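Below is one structure, written out as structure tokens; comments come after it.
Since every read-out is calculated from the coordinates, none of them should be taken as a lab result. Please read all numbers here as calculations on a predicted model, not as lab measurements. Methodologically, a virtual Cβ is constructed for each residue, glycine included, from the backbone with ideal geometry; neighbour enumeration extends over all protein chains shown.
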2 protein chains.
Amino acid sequence: MQHISSEQISAMEQRYRAAFINSLGGFKSVVLVGTANDAGATNLAIFNSLFHLGANPPLCGLIFRPDSVERHTLSNLEASGCYTINHLNESIYQQAHQTSARYPAEISEFEATGLTPAYKNGFQAPFVEESLLQFSVLFREKIQLSINNTILIIGQIQDVWIPENVQQPDGFLDLEKAGTLTCSGLDSYHQTKRLARLSYAKPDKLPDIIL
Amino acid sequence: MQHISSEQISAMEQRYRAAFINSLGGFKSVVLVGTANDAGATNLAIFNSLFHLGANPPLCGLIFRPDSVERHTLSNLEASGCYTINHLNESIYQQAHQTSARYPAEISEFEATGLTPAYKNGFQAPFVEESLLQFSVLFREKIQLSINNTILIIGQIQDVWIPENVQQPDGFLDLEKAGTLTCSGLDSYHQTKRLARLSYAKPDKLPDIIL
């Protein structure tokens, strides 16, 4: 195996290290976050830092770098108190990636990339019409992580829209049926192929394949 | 599309809601976390909450539920100040899943599941010999998230071991060459198939496929 020491990591050129460390954690969730300001101007940004924080109440976390293009998303969601999360599929991942370009605040990434804002149930933040799995989130808490000044945004999941055949009898969502993609590093997009679902693990018994 | 309202989510049976909400965020990183206590007793636990927090210094986050089996991991890493992260591959995912069974503290999940502890460079925490991508982490910070009493553990990445052919010229790791898996929900394991890597996005120019 190849060994890379912490001294070698410290000495890496900045973009090389970013590509390396961003790959190291494994495959990640990749989503589009939709927001709007009070004047109705929309913003759309790709994130690969969404994570599960709890099921009851249903909470998710999102990491923001203070110096990134994602600041329009952050200021919008803090002011409006709401945002949408939209899964990527093969038809839109190139447009989704393009939302990470540094457009000025007055340009909507929806218009710039050709994705379509959709409004549902009076929610202020726009969904992505072309996304097949979408949900609305209410902003709950902002935590500044002093160790490197990143910002953790915690939100509470509200309404969910999924294709008709995706939810299984036990509540699980078959994300492959929704065409949901995963990502690795900063720029690599992947489809998935299920190996198995495994039964709840108990001591002294190996898990069964349940699907 | 099927609409699921926040009222319906609140009314869901507990395990059904857990399966549903854990699926909603998309595909996730899934890793084995290795720890040891001061007497050298080892612990191994599967996590699907690892996330990237920064490249310089190289930081990662991990979410712990206070009431879960993962508490042996938490007490070990707080006491020893260190842990290892080990990617899953097809050969070990069933054993990895089995580490989530509620073994008593005196039983090592290495022995119970047949995975092999490996020690490197004098690091106290054990690696998983059968894992093809491994790294050591120093415990840096513990943050209690008051919103639902989950715990965020922040760690700093130290030494990394990867297969020889995985790192690309720009620093990116080709995780498919390491056989790294992803997961969805609480129990579904997936291989991946790359669609493309896309070039750094700039306004007024669509991204190129770079690999």
(request) Determine the gain in length on full extension of the stretch residue B:38-residue B:107; use 0.36 nm per residue of separation and subtract their C-alpha separation, reporting nm with one decimal. (result) 23.3 nm
(request) Whole Å is fine, so just give me how far the alpha carbon centre of the stretch A:100-130 lies from that of the stretch B:60-130. (result) 42
(message) Distance cut-off 22 Å, Cα to Cα: go down the list A:142/B:142; A:28/A:193; A:193/B:205; A:177/A:202; A:142/A:177 and report the pairs above it.
(response) A:193/B:205; A:177/A:202; A:142/A:177
(message) Could you list B:166, A:33 so that the one with the fewest beta carbons within 10 Å of its beta carbon is first and the one with the most is last?
(response) B:166, A:33
(message) Let me check against my output: what whole-number percent is the relative contact order of the stretch B:14-190, with C-alpha pairs under 8 Å and at least 6 apart?
(response) 27
(request) Can you check what the Kirkwood hydrodynamic radius comes to for the stretch A:1-153, Cα pairs only, in Å to one decimal? (result) 16.6
(message) Take residue B:121 and residue B:7, extend 7 Å from each Cα along the Cα→Cβ direction, and tell me the distance between the two endpoints in nm.
(response) 5.6
(message) Under the rule a/c < 1.5 gives rounded, and otherwise a/b versus b/c splits prolate from oblate, where does the stretch A:36-125 land using the Cα gyration tensor?
(response) rounded
(request) Mind grabbing the base-10 log of I(q)/I(0) for the stretch B:79-211 at q = 0.10, 0.21 Å⁻¹? Debye formula, identical points on the C-alpha positions, no solvent, two decimal places. (result) -0.46, -1.39
(message) Which of rounded, prolate or oblate describes the protein assembly as shown when judged by the alpha-carbon gyration tensor and an a/c cut-off of 1.5?
(response) prolate
(request) Provide A:93, B:83, B:16 in ascending order of the number of other Cβ atoms located within 10 Å of each residue's Cβ, fewest first. (result) B:16, A:93, B:83
(request) Along Cα-to-Cβ, 7 Å out, sits the label point; list in nm, shortest first, how far the one on residue B:65 is from those in the other copies. (result) 3.3
(request) Would you mind ranking B:1, B:12 so that the residue whose beta carbon has the fewest other beta carbons within 10 Å leads the list? (result) B:1, B:12
(request) Please find, in a Gaussian network model of chain B (springs between Cα atoms separated by less than 10 Å), the residue of B:130, B:164, B:111 whose mean-square fluctuation is greatest. (result) B:164
(request) With only Lys, Arg, Asp and Glu charged, each at its Cβ (+1 for the first two, -1 for the last two), find how big the charge dipole of the protein assembly as shown is about the Cα centre; round to the nearest 20 debye. (result) 100
(request) Only Lys, Arg, Asp and Glu count, each charged at its Cβ (+1, +1, -1, -1), so figure out the dipole size of the stretch B:80-172 about its Cα centre, rounded to 20 debye. (result) 380
(message) Could you compute the net charge surrounding residue B:58? Neighbours are other residues with a C-beta less than 15 Å from the C-beta of residue B:58; K and R count +1, D and E count -1.
(response) 0
(request) Putting +1 on Lys and Arg Cβ atoms and -1 on Asp and Glu Cβ atoms, find which of A:116, A:27, A:87 reaches farthest to the positive end of the dipole of the stretch A:4-141. (result) A:27
(message) Give me the dipole magnitude in Debye, nearest 20, for chain A about the Cα centre, with unit charges on the beta carbon: positive for Lys and Arg, negative for Asp and Glu.
(response) 500
(message) What does the net charge come to around residue B:120 if you take all other residues with beta carbon closer than 13 Å to its beta carbon, with K and R at +1 and D and E at -1?
(response) -2
